[in-house]
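Asker: Sending over a structure as structure tokens; questions will come in a sec.
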Amino acid sequence: MSDAINISILGASGFVGAELIKLCLNHPKINISSISEPLLKRFNLDKREEELMIGTIRNRDILREAKNELKKEKIDRSYFGELLNEHQIILNKILKISTPKIDLMLRSALQAGAYGGKINGSGGGGCMIAYCPDNPTEIKHSIEKVGGKAHIVNMVTGTQENKEVINL
């Protein structure tokens, strides 16, 4: 490919990101590679740009570690919580997308016994998750005490058949 375009993808999420990657993968003149922290040294980034890229790369790596943990028969709850907390630290301190209210709700949840937690979404909407399989009611109350609105969400195995027949 003499006229090829070389691009590195740090990560892509959501529908738009997935569609972008599909377009690039199917384009005959685009070569795609993944970017890593050592590769960043080849770019002429200022300190803040490099900090943002390294934070984003680390969050990608945390996601991969968390996905591997969730595939296990028995999840190491403490480790999974630590991954959530590390991800939140990067989102808050480096990428600067957390909010004071989210930080307060997360601190309250952790003090009440949650294994970990992090902001959810892009950071502007005020949504967070706390991983608390052992004591969800206590964590819910701790979040509400500091002004948050909390819901307990349980994991299920996926779509299941309901054998009950309802005649109308």
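Asker: Quote the charge dipole size of region 35-145 about the Cα centre in Debye, to the nearest 20; the model charges only the Cβ of Lys and Arg (+1) and of Asp and Glu (-1).
Answerer: Details: 19 positive and 16 negative charges, 37 e Å.
Computed charge dipole of region 35-145: roughly 180 debye.
Asker: Starting from the Cα gyration tensor of region 35-145, take the square roots of the eigenvalues, sort them a ≥ b ≥ c, and report rounded, prolate or oblate (rounded when a/c is under 1.5, otherwise prolate if a/b is larger than b/c, else oblate).
Answerer: Working: a/c = 3.29, a/b = 1.53, b/c = 2.15.
Oblate, because a/c is 1.5 or more while a/b does not exceed b/c.
Asker: Hey, another quick one. Between ALA66, ALA109, LEU95, whose Cα lies farthest towards the positive end of the dipole of region 35-145 when Lys and Arg beta carbons carry +1 and Asp and Glu beta carbons carry -1, centred on the Cα centre?
Answerer: LEU95
Asker: Any idea what the dipole of region 71-133 comes to, in debye rounded to 20, about its Cα centre with Lys/Arg Cβ at +1 and Asp/Glu Cβ at -1? It would help to have the intermediate numbers written out before the result.
Answerer: Values: 9 positive and 5 negative charges, 15 e Å.
Approximately 80 debye in magnitude.
Read the figures in this text as sums done on the coordinates, not as results from a lab. Treat the numbers as computed from the prediction; the structure is a model and nothing was measured. Here Cβ is always computed from backbone atoms with ideal geometry, including for glycine, and neighbour counts include all displayed protein chains.
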